[in-house]
1. Nearest 20 debye, what's the magnitude of the dipole of the stretch 2-77 about its Cα centre given +1 on Lys and Arg Cβ and -1 on Asp and Glu Cβ?
2. Calculated from DSSP H runs of 4 or more alone, at -39500 (n - 2.57) each and per residue, what is the 222 nm mean residue ellipticity of the chain, nearest 500?
3. Within the stretch 1-33, name every residue whose backbone N is under 15 Å away from a label modeled 7 Å from Cα of Val58 along the Cβ vector.
4. For the residue pair Ser51 and Glu23, what label-to-label distance in nm results when each label sits 7 Å from Cα along the Cα-to-beta-carbon direction?
5. Using a 1.4 angstrom probe, figure out how much accessible area the stretch 2-77 has per residue, in square angstrom, rounded to the nearest whole.
6. Taking 0.36 nm per intervening residue step and subtracting the Cα-Cα distance, what contour gain separates Glu69 from Ala34 on full extension?
7. Tell me, what is the percent relative contact order of the chain, built from C-alpha pairs under 8 Å that lie six or more residues apart?
8. Put one equal scatterer on each alpha carbon of the stretch 2-77, apply the Debye formula with no solvent term, and list log10 I(q)/I(0) at q = 0.11, 0.20, 0.21, 0.24 1/Å to two decimals.
Amino acid sequence: MILIDPPAWPAWNRVWSHLVSDESYEELHAFAKAAGIPARGFDRDHYDVPSDRYDDLVAAGALPVSSRELVRRITAAGLRHRKRPPTE
């Protein structure tokens, strides 16, 4: 299933949501491509999408969930990739 959290992440003078799949990266990339989300929006395990795309993505089939639920679901699916801490 494709999931999206509420726009709550400020960056570059915008507010962003995260778009993920709790099934596979293939499902996520296919959905993103069909929705016209550029590949450069992919970051480790999710796409960053601006708030002005939120309603369109929900209409296209993304399930709105809380940020906490989104992380829980992709972690349970084994699809969560955290940033690695810098090595010294």
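The values are calculated or read from the model by the stated rules, or taken from the named source; none is laboratory data. Keep in mind it's a predicted model, so treat the numbers as computed, not measured. As a convention, Cβ positions derive from the backbone with ideal geometry for all residues, glycine included, and neighbour counts pool all protein chains shown. Just so you know, the surface numbers come from the protein's heavy atoms only, side chains and all, with ligands and any DNA or RNA stripped out. Shrake-Rupley method; radii C 1.70, N 1.55, O 1.52, S 1.80 Å.
1. Roughly 180 debye for the stretch 2-77.
2. When only DSSP H runs of four or more count, the value is -8000 deg cm²/dmol.
3. 3-8, 16-19, by backbone N distance to the label point.
4. 3.0 nm
5. Here the residues of the stretch 2-77 average 57 Å² of exposed surface.
6. Answer, rounded to one decimal: 10.2 nm.
7. Relative contact order, the chain: 36 percent.
8. Debye curve over Cα of the stretch 2-77, log10 I(q)/I(0) at q = 0.11, 0.20, 0.21, 0.24 Å⁻¹: -0.22, -0.78, -0.87, -1.16.
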